[in-house]
Amino acid sequence: MNSVYYLTHRDSLRRLRWYSTLSGARIAQRSRNHRLGFAVRLERVWVGSREYERCEDSSGTVVDATWVIEEDCVEQVDLAE
């Protein structure tokens with residue numbers, strides 16, 4: 001079994017893309033969330049199989065950013081496409 005990491009929309013659960021490493025998924029997550037206005041990340045939080053970025057929005061409120069990382073196991077990495 002191989003772990004893959006999906007960049008997933010928090011509300012719609014739509015998987016945008018998969019990554020073979022957690023660090024690659026984190027780079028993509030930070031980039032997309034930053035472009036959506038979540039400039040200040042306070043922490044990363046795992047809830048179940050998903051990693052959220054807790055951020056401060058423009059008004060100073062602590063919120064979970066839009067894009068999350070979802071970990072999954074697959075038989076072969078090419079099956080995740």
Checklist entry - In a solvent-free Debye calculation with one equal scatterer on each Cα, what is log10 I(q)/I(0) for region 2-80 at q = 0.14, 0.23, 0.26 Å⁻¹, listed in the order of the q values? => result -0.43, -1.02, -1.24
Checklist entry - Roughly how big is the chain's charge dipole about its Cα centre, with Cβ charges of +1 (Lys, Arg) and -1 (Asp, Glu), in debye to the nearest 20? => result 300
Checklist entry - Using the alpha-carbon atoms, what tilt in degrees (0 to 90, nearest 10) does helix 22-35 show relative to the longest principal axis of the chain? => result 40
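No lab work stands behind these numbers, since they all come straight from the coordinates. In this text, all values refer to a predicted model and were calculated from it rather than measured experimentally. For neighbour counting, all protein chains shown are included, and Cβ atoms are generated from backbone atoms with ideal geometry for every residue, glycine included.
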